[in-house]
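What follows is a single structure, written as structure tokens, with notes after it.
The values are calculated or read from the model by the stated rules, or taken from the named source; none is laboratory data. Note that this is a predicted model, so its numbers are computed, not measured. Neighbour counts run over all protein chains shown; Cβ positions are idealised from the backbone, glycine included.
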Amino acid sequence: MVLLCGCDHGRRRAEPQPPGPTVSFVALDRQHQRLVRDYEPVSAAMTAYELAFRDWRLGRLSQTDLLTRATAYRGVVRRARTRVSDDRATGETRRAKHLLVEALGTRAGALAALPDVKAYRLLWDHSESSARAALTVLQDIRDRARLIPLPEDSVS
């Protein structure tokens, strides 16, 4: 009688993986602050753009003027998207970064969709939702790490 046994040479062996490197509180805070800082020009320029959009909807601003302002704001959004995309993010912060990049890309798309208000509104609402989700992820991470919360208006 012959008994055969197979051998996988250790390839299937399930051994516990060592935990990944943890980021210090200072490094985590720096990552978050950098993401927020690189997003901030979008939030800062948004009020002026939204006032122009409102004035256009009320007939106080020409479509040409709105499109000029939307193009300028879109440039701010696209530059911020490039900066946020280039930011280093580790762990759960990567998820927040991904949401911010998505929000900025969708917002640029919304601005490019003007004067088609229906397409604009759909994209704009999605961009706001993604930006809020990113801020929520960052705040949750900061809460667990017991870091000072980010200002609520830092991402809009």
TODO: Could you run through the stretch 64-88 and say how many residues are surrounded by fewer than 18 Cβ atoms within 10 Å (Cβ to Cβ), within 27 Å of SER24 (Cα to Cα) and hydrophobic (A, V, I, L, M, F, W, C)?
DONE: 0
TODO: Being in contact with an Asp or Glu (Cβ under 6 Å, 6 or more places away or on another chain), touching a residue at least 12 places away in the same chain (Cβ under 8 Å) and among the aliphatic types (A, V, I, L, M) narrows it down to one of VAL101, VAL77, VAL84, so name that one.
DONE: VAL84
Task: Cβ-Cβ under 8 Å pairs, at least 6 apart or on other chains, the stretch 35-62 side within 17 Å of ASP125 (Cα to Cα), far side at pLDDT below 95 - done: VAL42/SER156; SER43/ASP153; SER43/SER154; SER43/VAL155; SER43/SER156; MET46/SER156
TODO: Kindly list the number of the only condition in (1) exposed (fewer than 11 other Cβ atoms within 10 Å of the Cβ); (2) at pLDDT 90 or above; (3) among the hydroxyl-bearing types (Ser, Thr, Tyr) that fails for THR22.
DONE: (2)
- [ ] Could you tell me which residue of the stretch 22-61 is farthest from SER130 (Cα to Cα), considering only residues that are out of contact with any Ser or Thr (no Cβ under 6 Å at 6 or more places or on another chain) and of a type in the set (Gly, Ala, Ser)?
- [x] GLY59
TODO: Among what's in the stretch 37-75 and is closer than 17 Å to THR106 by Cα and polar (S, T, N, Q), pick the residue that is modelled with the highest pLDDT.
DONE: THR71
Open item on the list: For the structure I just gave you, tell me whether ALA96 is farther than 19 Å from ALA44 by Cα, part of a helix (DSSP H, G or I) and modelled with pLDDT of 95 or more.
Closed with: yes
